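Here the structure is laid out as structure tokens; the discussion comes afterwards.
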Amino acid sequence: MDIQKIVKNSLKLQDGIWQSDSGGYWSNIEQEQMTKFLEDLDSMDSLAVVRKHFPQHEEVIFSPQRVGGVGILDFQPSDVVLDAGCMWGALAVPIAHMGCQVIGVDQTRESMQLMKSRLDEAGLDQAQLVQCNLNKLQLADESIDKVIVNGVLEWLAEGNVELDSFQKDKLSKNSQTKKADTDQNPYDIQLSFLKKINRSIKKDGLLYLAIENRFDIINFIGAKDPHTGQRFITIWPRFIQEFMAKKFTGRSYLTWTYSKAELKDMLIEAGFNNIEFRYAFSNYRQPELVLTDNGMKQCIPLRHRTFNSIIKKVLLYSLETVFYSWLRLSSLAPAFIVIAKKQ
Amino acid sequence: MNLICNASHYSHQHTYLDEDENGEYTTVRKLTFNPKGIASLHHEVKGLQWYAQQLKTDVDSCILKEDIREKAGVIILRYVHGETINNLAPPQKTLPRFESIIQHYKTVFEQCQFTISHGDYSIANHIFRGAEVEWLVDWEHFNSELPLGYDLVTSFTQPFLFWLMHKQRLSRKNIEEGQYFLKQAQKLVGFDQSIIKHPAKWMRKVCIEHKSLWGSQYKKMPFAHCQPTLIEHLDSVLGVRK
């Protein structure tokens, strides 16, 4: 695979990672903690390094459950697969095991260095890594079979993010980390990205898009938004979201998520004409169930198990039983996994 | 396609059900994205091939596709319609099925003198049509290493373990039924009678001795990891003294 025929940005190969002229930082881990982590990566294997420095993230990086959602796709060894926002390689590395030609793109070099170690350890030499800001990524038309956008779309309007401090932030430094080009609203940024993806996939290619549902049933009872840490924010009209975000965090609300109808409309506007929805329970990151509308008959309550409080257990169990198992209201599912094709 | 069983931290296999345009399930897809799951797929295929031969069924109608690559793979199996009963179902649902479980075991395994094992012959892996066993699924632990009687002792002991774990009320009749089938299993297979005096302890011993057989799934085996007091309690309840 000739990467420069697919990624049209000006690229330079540096220590096995293609470097564009745009980068950034998005991670669960503070950037200053990464230095020792990267030093150890030279002498230890990737799993050992994560266990030493960030054991709390071992599961999200290495668990085989991470790739449950993409298993609904049929991967052929001849496929060119782009993982947009690949981060640590939780999806890209398993997909590379399938024999596919994988292109992992991420703005955070540190994450990609771990992913490179994982690929080298597994002997997977058919993957290429590109450090590039996704909003500045340029792709050749009709060059990719499958594009994976897993928990990324909602972050496109944000700039650099260190997730812990981002979620705890009140009125402080993160207002400096907003992207410079936020004269566009998040919808326009996300739509522009989706249009770019649409142009880049082949006629019979597809987009795999995983994202939280704005109207997840638990958002109505005050569950924290996993992006901003705020309660109730996703369910309000946009102007109220903006007011709440400015009041409590001092910055704009940029991590827009959508309802099923809104997401479908956006994908149609981006040029996708064949759109299938699946519903991920209890989340898309490590789904236990990924169901079609018809498959909702298989849905069972799951999220009550993560709580110790009897009241929360009973409440969640009841809500999920009524809305998912009995009424089969997929529009209130925790997350969407969308397969979108041009035709 | 619906994902109905995602890989856990112990297994590396994902299970999907494919639907037709009417929403009826037609095939089961088992997929692994890493080399650790490939052995499971191979065992599954071997087990199903053997099983189909025993039942004089066309193998190609059971295993529709096998695409196991160097580091990942997928197999596609025929979906068998019927009723399934999970390990936590109450006694009134589970115990009436014991007769058909032992009959099916006799049909399939007698020809090899019971020297081959399914490896996870629990009620949850049986598909029933009415009162009869229609099909047996999940052959990933198919082997010829386990001792005589392991499969049937699993069938008749495991539900009781889960009932005791979850403090399910058991009547004297429930217990007598369990003991009756353990005795029937011993008569059929011919394993040592002492096993049914302490079936839980024996199950634990076998699980631990054959740790390598289970691979990464050993960590979730209930007999290997439950409290020793529960094992003793189960033997005191279910063990056959006469």
Taking the condition more than 10 Å from chain A (Cβ to nearest Cβ), among the charged types (D, E, K, R), in contact (Cβ under 8 Å) with a residue 24 or more places away in the chain and surrounded by fewer than 19 Cβ atoms within 10 Å (Cβ to Cβ), does B:Lys46 pass? yes
Look through region A:62-81, keep the residues that are closer than 17 Å to B:Arg69 by Cα and of a type in the set (Gly, Ala, Ser), and return whichever of them is farthest from the other protein chains (Cβ to nearest Cβ). A:Ser78
A:Tyr317 - would you say it is within 15 Å of A:Ile211 (Cα to Cα), modelled with pLDDT of 95 or more and either assigned to a loop (DSSP other than H, G, I, E, B) or in contact with a His (Cβ under 9 Å, 6 or more places away or on another chain) (or both)? no
If we keep just the residues of region B:1-41 that are of a type in the set (Asp, Glu) and more than 8 Å from every other protein chain (Cβ to nearest Cβ), which is nearest to the chain's Cα centre (by Cα)? B:Asp18
Identify all residues within region B:180-200 that are among the hydrophobic types (A, V, I, L, M, F, W, C) and in contact (Cβ under 8 Å) with a residue 60 or more places away in the chain; write none if there are none. B:Phe181, B:Ala185, B:Leu188, B:Val189
Just wondering, is there one or more residues in region B:82-102 that are within 30 Å of B:Ile175 (Cα to Cα), within 14 Å of chain A (Cβ to nearest Cβ) and of a type in the set (Val, Ile, Thr)? yes
Restricting attention to region B:65-81, report how many residues are under 20 Å from B:Phe142 (Cα atoms) and either more than 14 Å from chain A (Cβ to nearest Cβ) or among the charged types (D, E, K, R) (or both). 6
Can we say A:Asp21 is in contact with a Lys or Arg (Cβ under 9 Å, 6 or more places away or on another chain), of a type in the set (D, E, K, R) and away from every other protein chain (no Cβ under 14 Å)? yes
Region A:1-114: strands (runs of 3 or more DSSP E) wholly inside it with 3 or more residues that are under 21 Å from A:Lys196 (Cβ atoms) are A:80-84, A:101-106
Is it the case that some residue within region A:102-114 is within 14 Å of chain B (Cβ to nearest Cβ) and in contact (Cβ under 8 Å) with a residue 40 or more places away in the chain? no
A:Asp145 versus (1) within 14 Å of chain B (Cβ to nearest Cβ); (2) at pLDDT 95 or above; (3) surrounded by fewer than 21 Cβ atoms within 10 Å (Cβ to Cβ): which is the lone unmet condition? (1)
Condition check: touching a residue at least 12 places away in the same chain (Cβ under 8 Å), hydrophobic (A, V, I, L, M, F, W, C) and within 30 Å of A:Lys136 (Cα to Cα). Does A:Leu47 satisfy that? no
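The values are calculated or read from the model by the stated rules, or taken from the named source; none is laboratory data. If you're wondering where the values come from, they're calculated on a predicted model, not measured in any experiment. Note that we place each Cβ from the backbone using ideal geometry, even for glycine, and neighbour counts take in every protein chain shown.
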